[in-house]
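Step one of this worksheet: look at the structure below.
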Amino acid sequence: MSKTISIVIPCFNEQESIFLFYDAVEKVKPSLRGYDIEYVFVNDGSKDQTLNILRKLHQKDEKSIHYLSFSRNFGKEAALYAGLQASKGDYVAVMDVDLQDPPAQLIPMLEGIEDEGYDIVGTRRMNRKGEPMIRSFFSQLFYKMINKISHTQFLNGVRDFRLMTRQVVNAVLQMSEYNRFSKGLFSWVGFDVKYLEYSNRDRIAGKTSWSFWGLFKYSIEGIVNFSEMPLAIASYTGLVSFIISLVSILFIILRKIFFGGSVNGWASMISVILLIGGIQLFCLGILGRYIGNLYLEAKRRPIYIIKEKN
Ligand code: UDP
Ligand code: MG
């Protein structure tokens, strides 16, 4: 029996791209060893015609087009989870609909898995052409930092675009946490991974839904989810300021004994008080992030809600 490749495609306001995407994948299909393709589109609460277009596409190709539609925007991570859960294929690919992930890559990906024996073949972009300089700078910084403080490996430039075996998908699905940082989850499960390298390209239509602020929050999410280091930093900061205050108390006592009292130093005292207050609030904030995540996990809310599917 011929094998099936499932392609999971999260879509958020992508009305222009969907047909183009479908055509592009169908062009590659004959080179995929005659395997069947199962498309799992996930409409992540789009405000445009995305859902209508998916319905139309389904009418055109009932056998291979499947779609789920969320009741609102739950985010790409939730959409990926829903799509992976719904997928049935022997191999599962995750792709963006904007054709930044070239479908032709599926061919070497399949080779990597079937001929070379890898469990995952992912993609890594080797440059950030077309991306604002400042954004590249901060993402470099993010990767440097998170690799220092997390046990999970984060390679710079790895995209979500990948082909996995069913075994890997099942492993990823076992992690049913609410705060999903996919880059980390895919890396955390292990297995043998190969990366194909390619250079960045612009999306075919529409525009990216990522703002700078959105990316910043996303990177904090990654750190909080895959490292306890900030908590350690908070307590070390406390320890260091405790030691400094001990030393300065000693200094004040000695000065009183040898040089007599003085009311000098009011300004410096205020600034020290402010400094310590600031450090305390900062550390409380770090604690708060972890407690906030715990709180969300403890509520056990569903990761997504489906309004319509076929
Ligand atoms: N996406 C989604 N939900 C969101 C944001 C994005 O499902 O809340 C989808 C989007 O439709 C696309 C993919 O995730 O297929 C990647 O989004 P985008 O191209 O905006 O990100 P970039 O490629 O710039 O990282
Ligand atoms: Mg994109």
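Just so it is clear, none of the values below were taken in a lab; they were calculated from the coordinates. Quick caveat: nothing in here was measured; it's all calculated off a predicted structure. In this analysis, Cβ positions are derived from the backbone assuming ideal geometry, glycine residues included, and neighbour counts consider all displayed protein chains.
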Revision key, fill the gap. Taking alpha-carbon centroids only, segment 274-297 lies from segment 191-263 a number of Å equal to 11
Study note, to complete from the structure: The computed P(r) of the chain puts the percent of Cα pairs beyond 28 Å at 49
Practice item. Multiply the residue separation of residue 153 and residue 295 by 0.36 nm, subtract the distance between their alpha-carbon atoms, and state the gained length in nm to one decimal. Key: 48.5 nm
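If exposed GluC sites (Glu not before Pro) are those in a DSSP loop with at most 15 other Cβ within 10 Å, what is the longest stretch of the chain that has none?
After excluding every exposed loop site, the longest remaining stretch is 229-310.
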Point to revise | Candidates per trypsin sites (Lys or Arg not before Pro) in segment 115-164, loop by DSSP, up to 13 other Cβ within 10 Å | key: 129
Point to revise | Mean-position separation - Cα centroids, segment 124-161 and segment 162-178, in angstrom | key: 22
Exercise for review: Enumerate the calculated ³J(HN,Hα) couplings along segment 61-76 in order (Karplus 6.51 cos²θ - 1.76 cosθ + 1.60, θ = phi - 60°), each rounded to whole Hz, writing x wherever the residue is Gly or Pro.
Suggested key: 9, 4, 5, 9, 8, 10, 9, 10, 10, 7, 6, 7, 6, 9, x, 4
Review point. Residue 213 versus residue 3, label points 7 Å from Cα toward the beta carbon: distance in nm?
Key: 4.6
Review point. Between residue 182 and residue 266, how many nm apart are label points set 7 Å from Cα along the C-beta direction?
Key: 6.0
Exercise for review: Note down the nm distance, to one decimal, between modelled labels 7 Å out along Cα→Cβ at residue 275 and at residue 126.
Suggested key: 4.8
Point to revise | Listed residue pairs exceeding 31 Å between alpha carbons, taken from 27/183; 3/207; 76/299; 56/194; 47/299 | key: 3/207; 56/194
Revision key, fill the gap. With a ≥ b ≥ c from the Cα gyration tensor eigenvalues, square-rooted, and the rule rounded for a/c under 1.5, otherwise prolate when a/b > b/c and oblate otherwise, segment 116-237 is oblate
Review point. What is the order of 269, 164, 95, 145, fewest Cβ neighbours within 10 Å to most?
Key: 269, 145, 95, 164
Study note, to complete from the structure: For the residue 175, residue 305 Cβ pair and Förster radius 30 Å, calculated FRET efficiency rounded to 0.05 is 0.95
